[in-house]
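Trainee: First the structure, which I've put down as C-alpha cells, then a few questions once you've had a look.
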Amino acid sequence: MPRYRPGRDASQADVDVDVVAVKLASNENPWPPPEAVRRAVAEVAAGANRYPDHLASALRDDLGRHLGVDPASVAVGAGSTGLIQQLFAAYVDPGDEVVFPWRSFEAYPVFAGLAAARQVTVPLVDHTVDVDAVAAAVTDRTRLVFVANPNNPTGTAVDTAALARLCGAVGEGTLVVVDEAYREFLDPRWGDPVVELVPRFDHVVVLRTFSKAHGLAGLRVGYAVAHPEVVATLDATLAPFLVSSPAQAGARAALGVLDEIGRCVERLVAERERVRGALIAAGYEVPPSEANFVWLPLGDGTDGVYRHLERRGLVTRPFPGEGLRITVGDPSDNDRLITALAERVTGPGDTPAQ
Ligand SMILES: *Cc1c(COP(=O)(O)O)cnc(C)c1O
C-alpha cells in the first residue's frame, strides 16, 4: 500500500547550525487564523464533554447561504481528505476503476489502494491536467474521476468550460470530483464549478476546505457541494461525530470574517507572484501557479536542491526525480527562499537549474 507522507516538520530539518527552520512543505497558511476564529474555537472548549452535532447542520446552513445553494447540497467532512475517503467508501468496490491525472494529490492513490480499486492515471501535459485525455480514460467501470484544480503539486489550473466538457463526456454512473482545496487562490477568470457545474450535472462533486486559505489545517474541516442524493450517500459514510465541535465553530467563525481572510489570500497571491518572478529571473523553470505554492520541475536535480534548501533551514516537499513543491510563506521566509535558490543556481560547482 502507498502511505500518505505528510510534509516534513521544520523541527526535523537537517539545518546549518545558526538558522531557524521553517516549513514550506505542506501548503499551510503561514499566518494564524483570525482572532474571531480563535475566540470561537476557545469558547466551545467549555462544552467539550458533549458530542458535536454529527451532521454539522449549522455549518451546512451557513455554507448554503454563503454559496447560494440549498444546504441539502452541502456535505461537511473531516477536511476534504476525509470527504475523499468517504467518496471511496460510498462509491468504489474492489476492482472498480478510478481515474486521475498524475502527478496529483497523493491521497488519491492511497485511498484507491485501500479500496482495492483499479487506478488509471493520465499524464499531465505541460504540468497541466489534460482534461480531454482524462475524459478519454473513463470507461463504464469508472466510478470516480478526480481533478484537483488547481493541481497539486504543479499549481496549474484548467477552466470550468473544460470541466463541463469532462462532465458531459462521462456517463452519469461516474462521479466527477473537482477538488478545489486551493479555490481561494485561483483567479476568478477560471470560473466557479459550484455555480456553473453543480446545477447542470447531477454527477459532479466540488470539494473545498478550510485548511488552506482559512488557515484551519489543524482543525480538520472541509465540505462537498453536490446533488442532494450524492450528499445523502456521502453522509451515510460519515463516521459518527467525526467533525469536532472546535472544527465546526472555527469554520462558522471563518465564514464571518471572509474579508479578513480575503486580504490574507491577496497577500499570499502577491507573494506567490513575487517568488515566481524572482525564481524565473534566477534561471528556474516555474510553471504558472494558481495556488499557494510553486512547482520547480527539477527532474534529477530535485534531491540536491532539496538538501541545499534544507541546510538553509527551508523545508520543502521533494518528489524525487520530478520536482520540488514549495509553499509560499510570509515575506521574510520567501526572501530566504529566493536567496537560497539564487545561490544554488550560481554557486561554484553547481549545475544550473534548467
Ligand atoms: C491540501 C489538499 C487537500 C486536503 O486538505 P484537507 O486539509 O484534508 O481539507 C485536498 N486536496 C488537495 C489537492 C490538497 O492539496
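Here, each number is a calculation from the coordinates, and none is a lab measurement. What you see is a predicted model, and the numbers here were worked out from it, not measured in a lab. Glycine also receives a Cβ, built like all others from the backbone with ideal geometry; neighbour counts cover every protein chain displayed.
Trainee: Non-local amide H neighbours of VAL205 (under 5 Å, H modeled in plane, Pro and chain starts lacking H): which ones?
Mentor: VAL176, VAL177, VAL178
Trainee: Under the rule of at least 5 residues apart or a separate chain, name every residue whose amide H is placed under 5 Å from the amide H of ALA181.
Mentor: Amide H to amide H, under 5 Å and 5 or more residues apart or across chains, ALA181 pairs with ASN149.
Trainee: So which trypsin sites (Lys or Arg not before Pro) in region 191-260 are both in a DSSP loop and have at most 16 other Cβ atoms within 10 Å of their Cβ? Display every interim value, and only then the final one.
Mentor: Numbers: sites: ARG200, ARG208, LYS212, ARG220, ARG252; in loops: ARG200, LYS212, ARG220.
Passing both the DSSP loop test and the Cβ count: ARG200.
Trainee: As a check on your grasp of the helix formula, calculate [θ] at 222 nm for the chain: sum -39500 (n - 2.57) over DSSP H runs of n ≥ 4, divide by the residue count, round to the nearest 500.
Mentor: Values: 12 runs with 134 residues, N = 354.
Computed ellipticity for the chain at 222 nm equals -11500 deg cm²/dmol.
Trainee: A further question follows. Considering only C-alpha atoms, what is the centroid distance from region 243-321 to region 63-133, in Å?
Mentor: The distance from the Cα centre of region 243-321 to that of region 63-133 comes to 22 Å.
Trainee: Can you tell me the relative contact order of the chain? Whole percent, Cα pairs under 8 Å, sequence separation 6 or more. Can you show the working numbers first?
Mentor: Details: 709 pairs, mean separation 85.8, N = 354.
Averaging sequence separation for qualifying contacts and normalising by length gives 24 percent for the chain.
Trainee: Only bridges with both residues in the chain count here: give the DSSP antiparallel percent, nearest 5. Intermediate results must be reported in sequence, preceding the final value.
Mentor: Details: 16 of 36 bridges.
So the antiparallel bridges amount to about 45 percent of the total.
Trainee: On a 0 to 90° scale, report how tilted helix 245-256 is relative to the longest principal axis of the chain, with both axes built from alpha carbons and the result rounded to the nearest 10.
Mentor: 80
Trainee: How tilted is helix 35-44 with respect to the longest principal axis of the chain? Cα atoms for both, answer in degrees (0 to 90, nearest 10).
Mentor: 50
Trainee: Right, here's the next one. Give me the compactness ratio for region 211-354, meaning the Cα radius of gyration over 2.2 N^0.38 Å.
Mentor: On the way: Rg = 19.3 Å, N = 144, 2.2 N^0.38 = 14.5 Å.
So the Cα radius of gyration is 1.33 times the expected 2.2 N^0.38 Å.
Trainee: Rg and Dmax in Å for the chain, alpha carbons only: what are they?
Mentor: Cα radius of gyration and Dmax of the chain are 20.3, 62 Å respectively.
Trainee: On to the next question. Given the C-alpha atoms of region 61-168, compute the convex hull and give its volume per residue in Å³. Please list the in-between numbers first.
Mentor: Working: hull volume 13.0 nm³, N = 108.
Value for region 61-168: 120 Å³ per residue.
Trainee: Which three semi-axes in whole Å describe the equivalent ellipsoid of region 173-291, each the square root of 5 times a Cα gyration tensor eigenvalue, listed largest first?
Mentor: Values: eigenvalues 177, 79, 33 Å².
Here the semi-axes work out to 30, 20, 13 Å.
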